[in-house]
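Report on one structure; see the data block that follows.
The values are calculated or read from the model by the stated rules, or taken from the named source; none is laboratory data. Note that the coordinates shown come from a computational prediction; the quantities given were computed from them, not determined experimentally. Note: ideal-geometry Cβ built from the backbone for every residue, glycine included; neighbour counts use all protein chains shown.
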Amino acid sequence: MVLLEFSMSPLGKGESVSTYVSRSLEIIDQSGVEYRLNPMGTVLEGEWDEVFHVVRQCYERMKKDCNRISCTIKVDYRKGHEGRLRGKIASVEKRLKKPLKT
């Protein structure tokens, strides 16, 4: 399983790009892939091909009406481990003995 964090946004569309980002979130939500939205991007959890397929769908949708797109992707693979979207945070909270803002 991999955790894939990505941020994709159009360039040249003004200061607010939430219209374009929300289209991606609709694709992500309908994909069935586990995810967490954060203020700077989205983290997906799944198999390599599965999560990259979702990113590609977001790209294909955005390029329909955006001439330039910026995308950053970060991937963390760990063999034999699932549920890391919650597990990684829980591990740190356990060590700190308190819940964190997520």
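Just one of the listed residues (Ser22, Ser7) is in contact with a Gly (Cβ under 6 Å, 6 or more places away or on another chain) and hydroxyl-bearing (Ser, Thr, Tyr), namely Ser7.
Any idea how many residues of the stretch 24-53 are of a type outside the set (A, V, I, L, M), touching a helix residue (DSSP H, G or I) at 6+ places or on another chain (Cβ under 7 Å) and free of Cβ contacts under 8 Å to residues at least 24 places away in the same chain? Can you show your working first?
Of all residues in the stretch 24-53, those of a type outside the set (A, V, I, L, M) come to 24, 26, 29-32, 34-36, 38-39, 41-42, 45-50, 52-53.
With the extra rule that they be touching a helix residue (DSSP H, G or I) at 6+ places or on another chain (Cβ under 7 Å), the set shrinks to 24, 31, 34-36, 42, 45.
From what is left, the residues that are free of Cβ contacts under 8 Å to residues at least 24 places away in the same chain are none.
Residues in the stretch 24-53 being of a type outside the set (A, V, I, L, M), touching a helix residue (DSSP H, G or I) at 6+ places or on another chain (Cβ under 7 Å) and free of Cβ contacts under 8 Å to residues at least 24 places away in the same chain: 0 in total.
Pairs meeting the criteria (first residue in the stretch 77-97 and of a type outside the set (Phe, Trp, Tyr), second residue in a helix (DSSP H, G or I), beta carbons under 9 Å, at least 6 apart or on different chains) are Arg78/Arg84; His81/Gly87. I'm checking my understanding of the structure. Among residues of the stretch 43-53 that are farther than 18 Å from Gly80 by Cβ and more than 9 Å from the chain's Cα centre (by Cα), which one is surrounded by the fewest Cβ atoms within 10 Å (Cβ to Cβ)? Restricting to residues being farther than 18 Å from Gly80 by Cβ and more than 9 Å from the chain's Cα centre (by Cα), the top hit is His53.
Pick from the stretch 54-68 the residues that are in a helix (DSSP H, G or I) and not basic (Lys, Arg): which of them is surrounded by the fewest Cβ atoms within 10 Å (Cβ to Cβ)? By that ranking, first place goes to Glu60. Does Cys71 count as assigned to a loop (DSSP other than H, G, I, E, B) and not aromatic (Phe, Trp, Tyr)? Taking the combined requirement at face value, the residue does not satisfy it.
Of the residues that make up the stretch 3-24, is at least one surrounded by 12 or more Cβ atoms within 10 Å (Cβ to Cβ), in a helix (DSSP H, G or I) and at pLDDT 95 or above? Steps first, answer last, please.
Restricting attention to the stretch 3-24, the residues satisfying the condition of being surrounded by 12 or more Cβ atoms within 10 Å (Cβ to Cβ) are 3-10, 13, 17, 20-21, 23-24.
Checking which are in a helix (DSSP H, G or I) leaves us with 20-21, 23-24.
From what is left, the residues that are at pLDDT 95 or above are 23-24.
The answer is yes; a qualifying residue exists.
Test Tyr35 against the stated conditions and say whether it is hydroxyl-bearing (Ser, Thr, Tyr) and closer than 24 Å to Thr102 by Cα. Against the criterion (hydroxyl-bearing (Ser, Thr, Tyr) and closer than 24 Å to Thr102 by Cα), Tyr35 qualifies.
Can you find even one residue in the stretch 26-34 that is buried (at least 17 other Cβ atoms within 10 Å of the Cβ) and acidic (Asp, Glu)? Checked the stretch 26-34: at least one residue is buried (at least 17 other Cβ atoms within 10 Å of the Cβ) and acidic (Asp, Glu). In the stretch 35-53, what residues are in contact with a Leu (Cβ under 9 Å, 6 or more places away or on another chain) and in a helix (DSSP H, G or I)? Answer for the stretch 35-53, where residues must be in contact with a Leu (Cβ under 9 Å, 6 or more places away or on another chain) and in a helix (DSSP H, G or I): Trp48, Glu50, Val51, Phe52.
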